[in-house]
1. Stretch Leu184-Glu91 to full length: gain in nm at 0.36 nm per residue minus the Cα-Cα span?
2. Hey, fewest Cβ within 10 Å first, where do Lys131, Lys454, Lys124 land in order?
3. What dipole magnitude, in Debye to the nearest 20, does the chain give about its Cα centre under +1 on Lys/Arg Cβ and -1 on Asp/Glu Cβ?
4. Please give me, ordered by residue number, the trypsin sites (Lys or Arg not before Pro) of the range 172-248 that lie in loop per DSSP and have at most 10 other Cβ atoms within 10 Å.
5. If I model a spin label at Asp450 and Leu15 as a point 7 Å from the Cα along the Cα→Cβ vector, what separation in nanometres do I get?
6. So, in the chain, how many Lys pairs have Cα atoms under 28 Å apart, if the pair is 8 or more places apart or on different chains?
7. Over the Cα atoms of the chain, what radius of gyration and what Dmax do you get, in Å?
8. In nm, what is the difference between 0.36 nm times the number of residues separating Val103 and Leu118 and their Cα-Cα distance?
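Read-outs: derived from the displayed coordinates by stated rules, not from any lab. Just so it is clear, the model here is predicted, and its values are computed rather than measured. Quick reminder, even Gly has a Cβ in these numbers, built from the backbone with ideal geometry, and neighbours come from all protein chains shown.
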Amino acid sequence: MSLVRNTATIGSLTLVSRVLGFVRDMLMAHFVGAGFANDAFLIAWRLPNLFRALFAEGAFAASFVPMFNRVVGAAERDGREGLPVGIRFAEDVLSILLPFLAVFTTIIIAFPKPIVWLITFGFKDGGGHAKFEFAAHLTQITFPYLALISLVSLMGGILNSLNRFWVNAAAPILLNVCMIGGLLFFRGHDPVQTAHTQAIAVTVSGVAQLLWLIFAARRAGVVLKLKRPTLDPQVKQLLKMIWPAAVGAGAVQFNLVVISALAAGFLGQGAVSYIYYADRLNQLPLALVGIGVGTAILPVISRQIGAGQEKEAIHTQNRAVELALFLCLPATAGLMLASTALIQATFQTGHFTAADTRASAAVLTAFSCGLPAYILIKVFTPGFYARTDTKTPVRIAMIEMACNMALNLFFVFGTNLSYVGLAISGASCAWINAGLLYYVLHRRGQFSIDAQLKHRAIRLLLATLAMAALLLFLEPRLLPFMGGGFLHRVGGLIALIVPAAAVYFACAFLFGAFRVSELKELLRRRRA
């Protein structure tokens, strides 16, 4: 299967998963709202997701896949059949992973309150003891998801190594299907009962994903057998590789935990939910633009640097910044200036009130100020990876983490900005991260802004300002439609988004920010 087909397959399945995730969030807003029950559920869901991101899908996946391929490749070079040797290595890893997961999960299920208190401060100012107890109870239900998804990551890594990418990419769809099914068919009579159902759906989805991966692995001829723990040299090497990767992932996850802890402990009822719903909208363009552009340019500049074509690599990265700005600037303007309309149209229904909309919209406006920075981080980071420098982005992420901690404390305890301050802190620190990445690349002579990028960036900004003016005119006139029935909401969103996008793209081409021929060239380069 070609690289282009793999990328298209993974991308399309990821898009399906994100669309379903958005539907899930809309249903959660309707049936659970943004108060007591949803805050508790989001904390209970945050915990297994934290450790999953740190180890299962982050550090473990990044370390296991290349190690598995090296083991298979070494066996084949020795004249042996590679896959059976790789399977034995995976069984050795499983023999260590499974007992660790069993013990760790059992401890958290038996004693959830200490770790829940650590990331909520007992909901000191936002629900108190009752919410804390409920969050601890939901954590006992959701935490098995960590063990299940860690095993999914192991099986998925094997299948990715066998070029069966689509199986692992499709697994997250099952999470959203299970949670949507729980909301539609098994929800309770009130938000508390529905949150309880959603906690069960999380763990059920872990079982479904693991069964899906086991079935697919069997079809690929991969069957892992349970054995006594085996800490051989290859497994030890894998463990040594996991820890640095976990530290890198930890910087981002630590920021999320700090935000959740401060919101839950000191910012009152609903703060955790407001941040969550705003972040979900803010993540859409980041996923579709930032990750896509960053993934596309990495192999290109890697080949150019490998061939000693440094000037060509810098040119490619300049054009990637152009493309990222071309796509993210209108998204930023839309999220900032039409935040109330977007939140109202997508989430304000059922238990999600007009007050929840205003609060979430304020957070979204603050979050979206950092959207270009988040996307530029995705574009600048491949400049380090392509040169086999994985340490510098981690160091910069650690600096961002320290700045984020300081700013979070300042905004929460030194101002009256409340949860909006946490969003401002996140956006500000994203710009610090992007600025430091650019500074290091520029200082090393590995990137500089060329004349074309300067020329285009100014014109893209002018096109964005034209779009912003139209949004300021349209949004207050379309707000009444955003709170109506489904067709009114859809019609209102179309009437808001389509004219704004048309004005932006028309002005971008009219001002000379981009030409159609150049977009075609970029697409051809991506397929190369």
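1. Working: separation 93, 0.36 × 93 = 33.48 nm, distance 3.91 nm.
So the extension gain works out to 29.6 nm.
2. Working: Lys131 22, Lys454 11, Lys124 15.
Ascending Cβ contact count within 10 Å gives the list Lys454, Lys124, Lys131.
3. Details: 43 positive and 23 negative charges, 240 e Å.
It works out to roughly 1160 debye.
4. Details: sites: Arg187, Arg218, Arg219, Lys225, Lys227, Lys236, Lys240; in loops: Arg187, Lys225, Lys227.
Those satisfying the criteria are Lys225.
5. According to this spin-label approximation, the distance is 2.9 nm.
6. Here the count comes out as 17.
7. For the chain, the Cα radius of gyration and maximum Cα-Cα distance read 23.7, 72 Å.
8. Numbers: separation 15, 0.36 × 15 = 5.40 nm, distance 2.02 nm.
Length gained, Val103 through Leu118: 3.4 nm.
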